[in-house]
């Protein structure tokens with residue numbers, strides 16, 4: 001596993017646990033509001049942390065940390081993720097995985113093998129708005145979806161059939177994959193949460209009406225405010241955070257069907 005970042009302490013990312021965060025590179029989305037653009041667009045340019053260095057870190061932190069958060073990028077794109085998570089658990093740590101839910105086969109395997117203790121899955125938007133939020137767009141002259149050239153400076157966009165996304169060179173239906181991952185977590189025995197980063201300029205109330213219907217019955221759902229930073233993927237963007245009152249209004253919409261939904265970072 002290529003480790004492209006290590007935050008040695010977090011009290012926030014693994015609920016109820018003292019943890020560290022490991023960052024992987026590469027992603028199959030180009031979300032314009034992504035705050036880890038270097039990991040998504042140019043992982044080869046990010047200094048790598050050797051697995052031996054990481055193993056030494058795990059040994060030194062035994063008894064001080066409860067768990068390790070594995071994030072990205074999108075960790076489930078890496079075929080060696082199961083072995084990597086197994087090594088973390090073998091060292092005595094709990095494992096939290098952050099994922100966009102596009103690889104339900106990997107998620108199902110990790111759950112079946114008991115390699116996960118907590119999963120945080122991003123739900124980018126309501127189904128109608130999903131492609132746009134993931135950095136895909138529908139051409140006016142074609143029903144096809146393609147990665148926006150401006151997001152990763154591609155000379156030729158990657159063209160996909162409607163509602164399909166390439167995952168490990170295999171065509172998959174984007175929303176079907178997301179739905180399947182949602183169902184896997186809702187029917188699992190581990191702790192999990194769904195979460196949406198709420199971005200002014202991209203989200204509307206309609207998104208949260210759709211999300212509430214989609215995630216009804218889930219155990220935990222959070223709305224978190226967008227935070228601007230130099231690493232945001234789309235340069236010269238006009239995105240911003242909604243006001244606290246606007247966030248509360250979105251929460252009220254969601255709580256009609258998911259009463260336990262909550263705001264995070266507001």
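Structure data summary
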{"item": "Only one of 233, 238, 263 that is touching a helix residue (DSSP H, G or I) at 6+ places or on another chain (Cβ under 6 Å) and modelled with pLDDT under 95", "result": "233"}
{"item": "Output for region 26-56, where each listed residue is surrounded by 19 or more Cβ atoms within 10 Å (Cβ to Cβ) and in a loop (DSSP other than H, G, I, E, B)", "result": "27, 28, 29, 30, 31, 32, 33, 34, 36"}
{"item": "Strands (runs of 3 or more DSSP E) contained entirely in region 102-217, each with at least 3 residues that are surrounded by fewer than 18 Cβ atoms within 10 Å (Cβ to Cβ) and at pLDDT below 90", "result": "170-173"}
{"item": "Among (1) surrounded by 18 or more Cβ atoms within 10 Å (Cβ to Cβ); (2) part of a helix (DSSP H, G or I), the one test that residue 98 misses", "result": "(2)"}
{"item": "Subset of region 17-37 that is in contact with a helix residue (DSSP H, G or I) (Cβ under 8 Å, 6 or more places away or on another chain) and under 18 Å from residue 1 (Cβ atoms) - its residue that is modelled with the lowest pLDDT", "result": "28"}
{"item": "Filtered residues of region 3-12 (kept if surrounded by fewer than 18 Cβ atoms within 10 Å (Cβ to Cβ) and either at pLDDT 95 or above or in contact with a helix residue (DSSP H, G or I) (Cβ under 9 Å, 6 or more places away or on another chain) (or both))", "result": "6, 7, 8, 9, 10, 11"}
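The values are calculated or read from the model by the stated rules, or taken from the named source; none is laboratory data. Here the structure is a predicted model, which is why all the values come from computation and not from measurement. Neighbour counts are summed over all protein chains in view; Cβ atoms, including those assigned to glycine, are modelled from backbone coordinates with ideal geometry.
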